[in-house]
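The values are calculated or read from the model by the stated rules, or taken from the named source; none is laboratory data. Computed from a predicted structure; not experimentally measured. A quick note on method: Cβ atoms are made from the backbone with ideal geometry, for glycine too, and the neighbour counts reach across all protein chains shown.
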Amino acid sequence: MIIQSLLDTDLYKLTMMQAVLHHFPGAQVEYKFKCRNEGVDLVPLLDEIRAEVASLCSLRFTEDELVYLRSLRFMKSDFVDFLGLFQFNGKYIRIDALAGSPGQIDITIRGPWLHTILYEIPVLAIVSEVYSRRMHPGAGLDEGRRRLQAKIDLVRTVEQALDFKISDFGTRRRFSFAWHEELVQTLKREVPQFFAGTSNVWLAMRNNLIPLGTLGHEYMQACQALGPRLRDSQAFAFEMWAKEYRGDLGIAISDTYGVDAFLRDFDMYFCKLFDGARHDSGDPFAWGERMIEHYRRNRVDPRTKTLIFSDQLSFPLAIEIARRFHGRARTSFGIGTNLTNDVGFEPLQIVIKMVECNGQPVAKLSDSPGKTMSNDAGYLAYLRQVFGIEPPAP
């Protein structure tokens, strides 16, 4: 059984779920799976994936886990009470071969947002680990350990004044849970001064680490259907987040509609209200420069704000970014696949994205065109028009 706890997920799924309970409990959504690797045949894995998801649906939060969640300052008692009743319902997920696409599989999650929001992370972790053990049976972790040690050795060369901090953001595409926990424990033991924590709540609980996370793209996307009008959906999403957390968990995600649209909506009020922003697509150096200039234009000292970088980071790139912005803004780095699935084999590049909310298409228009995912090309064109975004070059 790959997933052994409902806490084996990223914190931001739980923080978003709490906001859904309090503000959007009736929302209905649909998510779709996509594998970005070329030529990978996932169809032979279907039965094993289905069996693992069935096991996932048997889990409940334990009393110890609920006590732990209550200890987190931003978790409210009614939400934890709700989690005490929560269980995945298999009727909301369908796993089949994708018609007309040899080797591809179709995972569709459809139902109440409140009851489907937690599916994404464990399902992706299941697909990734089933693929790893099927494609590399009996594979050892010696190469992964060697690569991790090289990263640790590199981090130890970073100048102390840089205040360089990395976090584990790699649950969804990890090689295996066992490797995930081993590398987290290794980083905590070997370079605690550089290791800020993990997005994985169960590993944070088991290893006395800080769980990290705020909100993700699906929350921003859902607000396209839940807000008063489409053009105001980004500002509406930030307003509702602030209403729920009252200044806590104040990192805004900046690339739902690209950085230009983000900066238009992220006015002086939001600059002062939020603690910082997260980069997840496009050129990280250009983004950081624009954020610093944006803060200055809005009479906010960027040195008081945190820029979090999390887009396909490697350790050398994270260090280069940290040096570029040292003394100009606070920085932190969430590293995913390059940590949890860098063991000598090509990892799967897999995602599950929300494509519909309350019967209406929703989408993300990031600064990396390959990350755009939607069922409706017409809606994408309309979204670009509403937010004043140029269509990608042919």
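Before moving on, here are some points about what is shown:
- Verdict on Gln18 being polar (S, T, N, Q) and in contact with a strand residue (DSSP E or B) (Cβ under 8 Å, 6 or more places away or on another chain): no
- Residues (polar (S, T, N, Q) and assigned to a loop (DSSP other than H, G, I, E, B)) located in segment 191-203: Gln193, Ser199
- Within segment 153-177, the set of residues being part of a helix (DSSP H, G or I) and surrounded by 18 or more Cβ atoms within 10 Å (Cβ to Cβ) comprises Val155, Thr171, Arg172, Arg173, Phe177.
- Check on Leu148, surrounded by 16 or more Cβ atoms within 10 Å (Cβ to Cβ), farther than 11 Å from Phe175 by Cβ and in the same structural domain as Phe175 (by TED's automatic domain parsing): yes
- Of the numbered criteria (1) in a loop (DSSP other than H, G, I, E, B); (2) closer than 23 Å to Gly216 by Cα; (3) out of contact with any helix residue (DSSP H, G or I) (no Cβ under 6 Å at 6 or more places or on another chain), the one Leu59 fails is (2).
- Search result, residues across segment 375-394 that are in a loop (DSSP other than H, G, I, E, B) and under 26 Å from Arg110 (Cα atoms): Asn375, Asp376
- For segment 204-223, taking the residues that are buried (at least 23 other Cβ atoms within 10 Å of the Cβ) and in a helix (DSSP H, G or I), the one that is nearest to the chain's Cα centre (by Cα) is identified as Glu218.
- For segment 243-286, residues that are more than 19 Å from the chain's Cα centre (by Cα) and either part of a helix (DSSP H, G or I) or surrounded by 20 or more Cβ atoms within 10 Å (Cβ to Cβ) (or both) total 16.
- Out of Ala318, Ala363, Ala322, sole residue that is at pLDDT 95 or above, among the small types (Gly, Ala, Ser), part of a loop (DSSP other than H, G, I, E, B) and crowded, with 18+ Cβ neighbours inside 10 Å: Ala363
- Residue check for Val40: out of contact with any Lys or Arg (no Cβ under 9 Å at 6 or more places or on another chain) and of a type in the set (A, V, I, L, M): yes
- No other residue among Leu98, Leu59, Leu69, Leu42 is among the hydrophobic types (A, V, I, L, M, F, W, C) and under 20 Å from the mean Cα position of the chain (by Cα) apart from Leu69.
- Candidates Gln234, Gln185: the one that is crowded, with 19+ Cβ neighbours inside 10 Å and out of contact with any strand residue (DSSP E or B) (no Cβ under 8 Å at 6 or more places or on another chain) is Gln234.
- The listed residue being in contact with a Pro (Cβ under 7 Å, 6 or more places away or on another chain), among the hydrophobic types (A, V, I, L, M, F, W, C) and modelled with pLDDT of 95 or more, out of Val130, Val201: Val201
- Residue in segment 336-351 that is surrounded by 20 or more Cβ atoms within 10 Å (Cβ to Cβ), closer than 27 Å to Glu239 by Cα and of a type in the set (A, V, I, L, M, F, W, C) present: no
- Single unsatisfied condition, Ile105 versus (1) of a type in the set (Val, Ile, Thr); (2) under 21 Å from the mean Cα position of the chain (by Cα); (3) crowded, with 17+ Cβ neighbours inside 10 Å; (4) under 24 Å from Leu46 (Cβ atoms): (2)
- Leading residue by the ranking (surrounded by the most Cβ atoms within 10 Å (Cβ to Cβ)) among those in segment 78-97 that are touching a Cys at 6+ places or on another chain (Cβ under 8 Å) and part of a loop (DSSP other than H, G, I, E, B): Phe88
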